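Right, one structure below, let's go through it.
The values are calculated or read from the model by the stated rules, or taken from the named source; none is laboratory data. In this text the structure is predicted, and so the values were computed from the model without any measurement. Positions of Cβ are backbone-derived with ideal geometry, glycine not excepted, and every protein chain shown enters the neighbour counts. Accessible surface areas use protein heavy atoms only, side chains included; no ligands, DNA or RNA. Shrake-Rupley method; radii C 1.70, N 1.55, O 1.52, S 1.80 Å.
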Amino acid sequence: MSKTAKILLIGCGNMTGAMLEGWLAAGLPKESFTVVTPTRESVPGDVELLREVPTDREFDAVLLGFKPYMLGDIAPTLQGVTGPGTIVLSVLAGVQLDTLRSNFPDAQAVVRVMPNLACAMGKSPVALAEEGLEEEGREAIFAFHEPLGTPAWVGEDRFDLVTALAGSGPAFVYRFIDALSTAAVRLGLKEDQARELAVAMTEGAAALAQQSEHAPGKLADMVASPGGVTRKGMDVLDEDEALTQLMTKCLRAARDRSAEMAREARE
């Protein structure tokens with residue numbers, strides 16, 4: 001899609017609001033976007049805000065940004081703006097392409113999109129899966145999401161897992177940061193100092209992991225000298241693959257919930 005494309009956002013919660021912020025920060029004109037939401041009094045960038053779907057207009061894409069369980073009620077109201085020239089983009093967790101297609105049979109194509117809140121800063125992975133696009137259309141959708149971070153086409157059979165890793169992952173990282181700072185408080189640091197140090201450490205470690213030629217596991221070993229301070233702490237994490245086992249359980253639970261939501265959406 002070009003910079004002059006017209007995009008209609010249905011709902012503007014945390015995720016779609018962050019996406020809008022990311023596009024605007026990257027220089028896409030606010031005139032490209034129209035938001036429909038019955039609840040918000042304002043949206044990022046002073047973008048046009050409406051209470052009802054403008055069925056007298058044409059849009060290049062319609063982005064679905066409401067709760068997945070609302071699809072059955074809202075889809076009928078969008079038929080007038082999801083015709084053959086329009087691509088339906090969806091951030092509805094667990095709602096698969098076949099369900100989107102059955103709800104928007106006249107749309108040119110349907111695309112699942114899974115970013116996280118870092119898309120507001122252009123720092124999010126963005127998983128994409130589609131049905132109905134030619135190669136030119138795939139390239140256009142990919143380019144449209146590049147301002148949000150790092151887009152990647154993903155087979156839908158892996159989309160639930162990618163949702164757990166890239167979409168839900170920040171919450172798991174935040175929980176780790178919180179646990180690290182809480183542990184430091186229990187061992188004697190002041191709460192504000194522990195939090196500040198934990199956040200700063202995580203930011204630096206993530207930046208280095210992104211830029212380094214070494215894999216994260218190798219970086220961990222490079223920090224942990226044999227018999228040293230870091231190695232003693234690493235031994236706790238590595239014993240019986242404790243941390244890996246925990247994260248496998250965590251991702252499995254999130255993945256399975258995404259698949260469960262897909263079944264609920266079909267029903």
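May I ask you to list the residues in region 17-43 that are assigned to a helix (DSSP H, G or I), open to solvent by less than 20 Å² (accessible area, probe 1.4 Å) and over 24 Å from Gly94 (Cβ atoms)?
Trp23, Ser32 - these are the residues of region 17-43 that are assigned to a helix (DSSP H, G or I), open to solvent by less than 20 Å² (accessible area, probe 1.4 Å) and over 24 Å from Gly94 (Cβ atoms).
For region 56-79, check the following and say yes or no: at least one residue is touching an Asp or Glu at 6+ places or on another chain (Cβ under 9 Å), part of a loop (DSSP other than H, G, I, E, B) and under 18 Å from Lys6 (Cβ atoms).
Taking every residue of region 56-79 in turn, none turns out to be touching an Asp or Glu at 6+ places or on another chain (Cβ under 9 Å), part of a loop (DSSP other than H, G, I, E, B) and under 18 Å from Lys6 (Cβ atoms).
Looking only at residues in region 211-226 that are among the charged types (D, E, K, R) and closer than 20 Å to Leu243 by Cβ, which one is surrounded by the most Cβ atoms within 10 Å (Cβ to Cβ)?
Asp221
Please go through region 89-99 and pick out each residue that is open to solvent by less than 10 Å² (accessible area, probe 1.4 Å) and either within 10 Å of Glu131 (Cα to Cα) or in a loop (DSSP other than H, G, I, E, B) (or both).
Across region 89-99, the qualifying residues are Leu92, Gly94, Val95.
Among residues belonging to region 174-226 that are under 27 Å from the mean Cα position of the chain (by Cα) and part of a loop (DSSP other than H, G, I, E, B), point out the one that is nearest to Val236 (Cα to Cα).
Only one residue fits best here, namely Ala215.
Quick grid of which residues meet (1) within 16 Å of Glu130 (Cα to Cα); (2) of a type in the set (A, V, I, L, M, F, W, C); (3) loosely packed, with under 15 Cβ neighbours inside 10 Å; (4) over 17 Å from the mean Cα position of the chain (by Cα):
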| position | (1), (2), (3), (4) |
| --- | --- |
| Arg57 | no, no, yes, yes |
| Leu64 | yes, yes, no, no |
| Pro68 | no, no, no, no |
| Pro76 | no, no, yes, yes |
| Arg101 | yes, no, no, yes |
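Does Arg263 count as at negative phi and exposed (fewer than 13 other Cβ atoms within 10 Å of the Cβ)?
Considered against the rule, which asks whether it is at negative phi and exposed (fewer than 13 other Cβ atoms within 10 Å of the Cβ), Arg263 comes out as yes.
Quick check on region 144-168: of everything there that is open to solvent by 50 Å² or more (accessible area, probe 1.4 Å) and outside any strand (DSSP E or B), which residue is modelled with the highest pLDDT?
Checking each candidate, the answer is Glu146.
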